[in-house]
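A.B. asks: Mind looking over this structure? Questions follow.
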Amino acid sequence: MKRMILFLSAAFVSLSIFAKQAPTTILVMDSANALLQDVRITAKGCEPFTTTFDGRYVMGLPLQNDLLLTLVAPLRDTVRFTLTPTMQGQTVIIRMGERHYPEIGVFEEEEVDEKGHKRRRKSKDRKVVGYGKPLMASMIAPETAEDAYIVEEEEAADMAVLDAASATEEKVFIRGMANNLPSAGKLTAGEVNDFAQWALWPKLLDGSHSNYLKDWQMVPRNRYVVQLTNTQGYPIVDRSVSLTDTKGNTLFQARTDNTGKAELWDGLFETNKTTAAFVQIDGQQYPAQRFDTEGLIRISINEPCEAPEVADVFFIFDATGSMSDELRYLQAEMQDVISRSQSAVEGLHIRTGALVYRDHTDAYLTRISRLSDSIQTTQQFISAQSAAGGGDYEEAVPEALMAAVNAAGWSPLARARIAFLILDAPCHNDETTLKLLHEQVLNAAAAGIRVVPVVCSGLRESGELLMRSLALITNGSSFFLTDDSGIGGTHLKPTTDSLKVEHLNDMLVRTIISFSRMPDCQIEEWAETATEPNETDAFLPQPFEPEDLDSVPTVLPTLPLADVLSLRPNPCTEYCLVSLPLGCEALFLADLTGKTIQGFGKMPEATFDYQIQTDMLANGIYFVKAFYGGRWYTQKLIVK
């Protein structure tokens, strides 16, 4: 009895001490630094546990399944883990975070005293113990299950924010994979930019796709656009902007993009409800006005001319079996895009990462390679993936977005955060799934992550509505693969007036450029060179196509630009004078991404020196578009 009391007392003291320590975080990843979800782990002395969607498990909560480990671990200088073999050909690495117990994580060394006796002492440098050589089973092929993995960190990383930058690991087993990807530049696609053709979007919601609104219960219709600049007209980038009601409740949050604009939405999940009253920036409130009726909400604040020089580019792949017809080609295209993006915008530091996902009944739900400076890491991760599983039409899109938003390691300050969502099917639309979908779309918008769907063969019209809605809500655009390449199954023709086809890799690089380019603070010098034509300018979307006019004009031969449209001064500051010697059917102003900023209507007769006010626009690149004789004529305009 006395011994039992002593044992319980010791256990209670141990529990009291160790419960005050920081918990132990375990990260499980493969050799490409991809965090692995749903990995079943057994640590000696505790019940088995499974990693979460971001590849981690936090131990150290007393009275839960790791209580025994909490009590026993301080008696040892190693901890043994067993991973259930679930994946073939994967090198698995375990990284440990903050120690729950001070003894673990400190090397013990032997020293000899004056009498020649050996004794153990703690090392002065705090280091994480190596976990055997080998230890127990791993997650690679069963025939190598006796191999094990060593974790050895100079300093435990702060795993609370999944930052393992300071960790190094010895890879005991690495199985190489041959790169048998096809060459890039084979897939073809067209862009649907609903911001460019904003007048057509309500027609789609109320017409051809109205029956699908109930599927997703998410309607981006009530739009508010904030243009944020400093007092010199330079766009303020990556600033949080909120839309609130009269009581101060937040209705929607976004961050300003590289043009200084933020797209805000009211009544997303209640179609006819419009309650927005204010735009809020840094605690300051400004009156809200709908873009449809009043145009941009222009706000100027006193800030210096500066912008982050980082852009994050992330790739989210559907890796289910239905993607097998196009996945290898997509992998080749992404490899090319990653390589070319590094030099796409001068002086810009681009980080890349990737995620693959399947569905709940598959071997895994998500795998992620976090954003990093190493394009080789991202390329290796993408190349190593294969298509399998799925089973039904719908896949785990909300879960993929959740993992991407929360575990990708986005830069806290960035000029652009782009997530290319590459898929051929939407998610389920049951109540639980829709709730998660809505939450993650709002989270992406609030974090300034621009979702750019890349639609592959097999998607249906209901899924098309979802993809285009995701792009609008997060200030992105939509791309649809086409049959022109002859690769894959039949591709959906999106509901739009026309689709200009180009190579997918060129399109994605162009998107990275248009989402990242900014005017230089040396505005005069920058403006002199910015007027020069750019190869991406030709692919900017048009506000409409000829068939959208009530009366289609006769298509005339292409005329010299100066015979139809000219601008002066260019660059301009306060205003620009537009000359239309032949008149035009419609006149528009668009920004760098092709987003329509303002429409000026029809000029039925020759018009000279029509004035466009530019003093309230952010400094940057714009396009004046005139429709005449069945053709579009476009001239670049620089505002400084």
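The values are calculated or read from the model by the stated rules, or taken from the named source; none is laboratory data. What you see is a predicted model; the values in this text were computed from it and never measured. Neighbour counts are summed over all protein chains in view; Cβ atoms, including those assigned to glycine, are modelled from backbone coordinates with ideal geometry. Just so you know, the surface numbers come from the protein's heavy atoms only, side chains and all, with ligands and any DNA or RNA stripped out. Shrake-Rupley method; radii C 1.70, N 1.55, O 1.52, S 1.80 Å.
A.B. asks: In the stretch 623-640, which residues are within 18 Å of residue 233 (Cα to Cα) and open to solvent by 10 Å² or more (accessible area, probe 1.4 Å)?
C.D. replies: Result: 640, single match.
A.B. asks: Pairs, please: C-beta under 6 Å, at least 6 apart or cross-chain, first residue charged (D, E, K, R) and in the stretch 333-348, second modelled with pLDDT of 85 or more?
C.D. replies: Pairs found: 333/184; 333/187; 333/504; 333/505; 336/184; 336/505; 340/509.
A.B. asks: How many residues are without any contact (Cβ under 8 Å) to a residue 60 or more places away in the chain and within 19 Å of residue 181 (Cα to Cα) if we restrict to the stretch 362-383?
C.D. replies: Number of matching residues: 3.
A.B. asks: Counting only residues that are open to solvent by 30 Å² or more (accessible area, probe 1.4 Å) and under 22 Å from residue 233 (Cα atoms), give me the strands (runs of 3 or more DSSP E) lying completely in the stretch 253-320 with at least 1 of them.
C.D. replies: Of the strands (runs of 3 or more DSSP E) lying wholly inside the stretch 253-320, those with at least 1 residues that are open to solvent by 30 Å² or more (accessible area, probe 1.4 Å) and under 22 Å from residue 233 (Cα atoms) span 278-281, 284-287, 297-301, 310-318.
A.B. asks: Working only within the stretch 459-516, note down all residues that are of a type in the set (D, E, K, R) and closer than 17 Å to residue 195 by Cβ.
C.D. replies: Within the stretch 459-516, 464, 468, 497, 500, 510 qualify.
A.B. asks: Kindly evaluate residue 582 against the criterion of being modelled with pLDDT under 90, in a loop (DSSP other than H, G, I, E, B) and not charged (D, E, K, R).
C.D. replies: No.
A.B. asks: A further question follows. Within the bounds of the stretch 219-230, is there any residue that is open to solvent by 20 Å² or more (accessible area, probe 1.4 Å), out of contact with any Pro (no Cβ under 9 Å at 6 or more places or on another chain) and of a type in the set (Ser, Thr, Tyr)?
C.D. replies: No, because not a single residue in the stretch 219-230 is open to solvent by 20 Å² or more (accessible area, probe 1.4 Å), out of contact with any Pro (no Cβ under 9 Å at 6 or more places or on another chain) and of a type in the set (Ser, Thr, Tyr).
For every residue, the table says whether it meets (1) modelled with pLDDT of 95 or more; (2) of a type in the set (S, T, N, Q).
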{"residue": "416", "(1), (2)": "yes, no"}
{"residue": "423", "(1), (2)": "yes, no"}
{"residue": "440", "(1), (2)": "yes, yes"}
{"residue": "446", "(1), (2)": "yes, no"}
{"residue": "468", "(1), (2)": "yes, no"}
{"residue": "474", "(1), (2)": "yes, yes"}
{"residue": "497", "(1), (2)": "no, no"}
{"residue": "500", "(1), (2)": "no, no"}
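A.B. asks: Here is a follow-up. Could you please give the count of residues in the stretch 285-343 that are touching a helix residue (DSSP H, G or I) at 6+ places or on another chain (Cβ under 9 Å) and among the acidic types (Asp, Glu)?
C.D. replies: 4
A.B. asks: Look through the stretch 227-251, keep the residues that are among the hydroxyl-bearing types (Ser, Thr, Tyr) and over 24 Å from the mean Cα position of the chain (by Cα), and return whichever of them is farthest from residue 262 (Cα to Cα).
C.D. replies: Result: 246.
A.B. asks: Go through (1) surrounded by 24 or more Cβ atoms within 10 Å (Cβ to Cβ); (2) within 28 Å of residue 255 (Cβ to Cβ); (3) of a type outside the set (Lys, Arg) and name the single condition residue 424 misses.
C.D. replies: Checking residue 424 against (1) surrounded by 24 or more Cβ atoms within 10 Å (Cβ to Cβ); (2) within 28 Å of residue 255 (Cβ to Cβ); (3) of a type outside the set (Lys, Arg), the one that fails is (2).
A.B. asks: Residue check, residue 594 against (1) part of a strand (DSSP E or B); (2) in contact with a Leu (Cβ under 7 Å, 6 or more places away or on another chain); (3) surrounded by 15 or more Cβ atoms within 10 Å (Cβ to Cβ), all met but one. Which one?
C.D. replies: Condition not satisfied by residue 594: (1).
A.B. asks: For the stretch 203-252, enumerate the residues that are in a loop (DSSP other than H, G, I, E, B) and either touching a Lys or Arg at 6+ places or on another chain (Cβ under 6 Å) or among the aliphatic types (A, V, I, L, M) (or both).
C.D. replies: Matches in the stretch 203-252: 218, 219, 236, 237, 238.
A.B. asks: Hey, could you check the stretch 329-365 for residues that are among the aromatic types (Phe, Trp, Tyr) and open to solvent by less than 20 Å² (accessible area, probe 1.4 Å) and say which is nearest to residue 512 (Cα to Cα)?
C.D. replies: 357
A.B. asks: Is at least one residue of the stretch 558-565 over 36 Å from the mean Cα position of the chain (by Cα), hydroxyl-bearing (Ser, Thr, Tyr) and either at pLDDT 95 or above or surrounded by fewer than 17 Cβ atoms within 10 Å (Cβ to Cβ) (or both)?
C.D. replies: Checking the stretch 558-565: at least one residue is over 36 Å from the mean Cα position of the chain (by Cα), hydroxyl-bearing (Ser, Thr, Tyr) and either at pLDDT 95 or above or surrounded by fewer than 17 Cβ atoms within 10 Å (Cβ to Cβ) (or both).
A.B. asks: Same structure again: Of the numbered conditions (1) over 26 Å from the mean Cα position of the chain (by Cα); (2) under 30 Å from residue 205 (Cα atoms), residue 524 satisfies every one except a single condition; which is it?
C.D. replies: Unmet condition: (2).
A.B. asks: Continuing with this model, one more query. When you go through 514, 485, 462 one by one, which is the residue that is in contact with a Phe, Trp or Tyr (Cβ under 6 Å, 6 or more places away or on another chain) and open to solvent by 10 Å² or more (accessible area, probe 1.4 Å)?
C.D. replies: The unique qualifying residue is 462.
Residue-wise test of (1) more than 26 Å from the chain's Cα centre (by Cα); (2) at positive phi; (3) touching a residue at least 40 places away in the same chain (Cβ under 8 Å).
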{"site": "194", "(1), (2), (3)": "no, no, yes"}
{"site": "203", "(1), (2), (3)": "yes, no, no"}
{"site": "209", "(1), (2), (3)": "yes, no, yes"}
{"site": "225", "(1), (2), (3)": "no, no, yes"}
